[in-house]
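Take a look at the structure below.
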Amino acid sequence: ERRERKRKLSKEMAEEATRELEKMQLQEKADIKYKEWLKKKRAEEAEKKKKEKEKEKEREAELQEKRTRSEKIFKEWLQNARNKPQPALNGYGFPHGKSTGLY
């Protein structure tokens, strides 16, 4: 009976050790997969931020170009407005800039 108990006990201890070993191996695999996933996720986030910065730079460049073009057009208009003759406000039928008579 003692031998039987010892054999049974040693068998149980061996099984327990095997289970613990498998559990540790599973935990290590899970840690490795998690680290790989985390690394991939961070790389994706970095790429996303980089693309957003590039888009922002493009938007700023377009906005600056639009401002420059608008200022140029405004200056041209201003030059042309100075050269145009002023309209005659007191022309025929429009004294003081208003229509006279009945419609």
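The values are calculated or read from the model by the stated rules, or taken from the named source; none is laboratory data. What you see is a predicted model, and the numbers here were worked out from it, not measured in a lab. Surface areas here come from the heavy atoms of the whole protein model, side chains and all, with no ligands, DNA or RNA. Shrake-Rupley method; radii C 1.70, N 1.55, O 1.52, S 1.80 Å.
Evaluate the following for Leu89: is it open to solvent by 100 Å² or more (accessible area, probe 1.4 Å), modelled with pLDDT of 95 or more, at negative phi and not charged (D, E, K, R)?
Working: open to solvent by 100 Å² or more (accessible area, probe 1.4 Å): yes; modelled with pLDDT of 95 or more: no; at negative phi: yes; not charged (D, E, K, R): yes.
No, not satisfied.
Restricting to the range 19-43, name every residue that is open to solvent by less than 100 Å² (accessible area, probe 1.4 Å) and charged (D, E, K, R).
Glu20, Asp31, Lys41
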